[in-house]
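**Student:** Would you mind keeping the following structure in view while I ask a few things?
The values are calculated or read from the model by the stated rules, or taken from the named source; none is laboratory data. For clarity, every value in this text was computed on a predicted model and none was experimentally measured. Here the Cβ positions follow ideal geometry from the backbone for every residue, glycine too, while neighbour counts run over all protein chains shown.
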Amino acid sequence: MPADLAATPYGPFAVSVCESLAAAAEQLGLAPPDAVLLQLDDAAALAALASWPALTHAVLDAAVVVTAPAPDAAATLALLALGVQDLLPAEELQAATLARVLRLAIERKRIELVARKAWAIDLSTGLPNRAQLLEHMGHLLALREREPAPMALIVLRVSGLGAVGAAMGSEAANVLRRKAAVRLRAALRASDVVAAIGADAYAVLLAWIDAPTDGERVAAKLAHALARPFKVAGREQTLVVSQGLASYPEHGREADALLRRALAQASASAGVGQMRPARAADRGLAAAANDDEAKP
């Protein structure tokens, strides 16, 4: 790496050097950098990069730039399809050129992340939406193909939101959706993903589980948690919750297939909880709308 990289107009850069891909993978697990520069020695190393287990992790949040001796068009396009920002010939590794490529790659990645967040959030709950869930699952499933480990997807369908909206207004129904999201998030590990995949459904991705029965156990726990009464505008409201489960790899290896299975099971299963009809008389003070749980 050019010693004067940080001195160029496109800097400054704080550089941390890793001696191997294994060391780089370990560093990625500690803190995501703005960019990852991979300097490869030959065509064999370039060809092997596509199967590097940490590549999926690296391209998720960082701008990945690769240099290699005389890379061909096929290798370049293949890596771009995997999320790499740029592939430079090692012969062009001057400080000014590399600094410019790194800075532009970092800025493109930042724009991409902002755009991804803009379309990937369910606005009424603040949770990832269906598109973001599927994207995250796609990355995780690609990793699981190289490093096999069981995981599970839970879908929870809730009944009662429509009645609350009709009786108390749409904002009351949105408050109830947010409260349900908070309760789900509080019942899970930090590594688990909670998403809003529709007006009356949530999905929970358990990125790793120790045993196949763990998915069923967690699904039942979450269903009973959502079936407990919520307080909206100072009055108790209840939901009926049905659950569905899809396990990897038992029920599929693709995100769409796993989500469809869990949704179908949730739609067909019996609900947990007892519906308390919402009434217009339940409208209370606006200040009481979020009186028992904070927004996510």
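**Student:** When residues of region 24-52 are filtered for being in contact with a Leu (Cβ under 9 Å, 6 or more places away or on another chain), assigned to a loop (DSSP other than H, G, I, E, B) and within 21 Å of PHE13 (Cβ to Cβ), how many remain?
**Tutor:** 3
**Student:** While we're here: Filter region 131-176 down to the residues that are among the basic types (Lys, Arg), farther than 22 Å from GLN237 by Cβ and surrounded by 17 or more Cβ atoms within 10 Å (Cβ to Cβ) and list them by number.
**Tutor:** Of everything in region 131-176, just one residue is among the basic types (Lys, Arg), farther than 22 Å from GLN237 by Cβ and surrounded by 17 or more Cβ atoms within 10 Å (Cβ to Cβ), namely ARG144.
**Student:** If you don't mind, another one. List the strands (runs of 3 or more DSSP E) inside region 143-236, counting only whole elements, that have at least 1 residues being closer than 23 Å to ASP256 by Cβ and β-branched (Val, Ile, Thr).
**Tutor:** Here the list reads 151-159, 193-198, 201-206.
**Student:** Quick one: what pairs do we get from region 91-111, first residue under 20 Å from ALA68 (Cα atoms), second part of a loop (DSSP other than H, G, I, E, B) and at pLDDT 85 or above, C-beta under 7 Å, 6+ apart or different chains?
**Tutor:** Final answer for the pair search is ALA105/GLN85; ILE106/ASP34.
**Student:** Here's something else I'd like to know. Being surrounded by 11 or more Cβ atoms within 10 Å (Cβ to Cβ), of a type in the set (Gly, Ala, Ser) and either at pLDDT 80 or above or under 18 Å from GLN85 (Cβ atoms) (or both) narrows it down to one of ALA6, ALA43, so name that one.
**Tutor:** Exactly one residue qualifies, and that residue is ALA43.
**Student:** Give the number of residues within region 240-260 that are surrounded by fewer than 19 Cβ atoms within 10 Å (Cβ to Cβ) and either of a type in the set (Val, Ile, Thr) or modelled with pLDDT of 95 or more (or both).
**Tutor:** 1
**Student:** Exactly one condition in (1) farther than 30 Å from VAL175 by Cα; (2) outside the structural domain of PHE230 (by TED's automatic domain parsing); (3) charged (D, E, K, R) is not met by ARG116; state its number.
**Tutor:** (1)
**Student:** Taking region 72-119 only, how many residues are modelled with pLDDT of 90 or more, closer than 18 Å to HIS136 by Cα and not in a helix (DSSP H, G or I)?
**Tutor:** Final tally of qualifying residues: 1.
**Student:** Starting from residues that are more than 14 Å from LEU161 (Cβ to Cβ) and touching a helix residue (DSSP H, G or I) at 6+ places or on another chain (Cβ under 9 Å), keep the ones in region 185-196 and report whichever is surrounded by the fewest Cβ atoms within 10 Å (Cβ to Cβ).
**Tutor:** Among those residues, the one meeting the criterion is ALA186.
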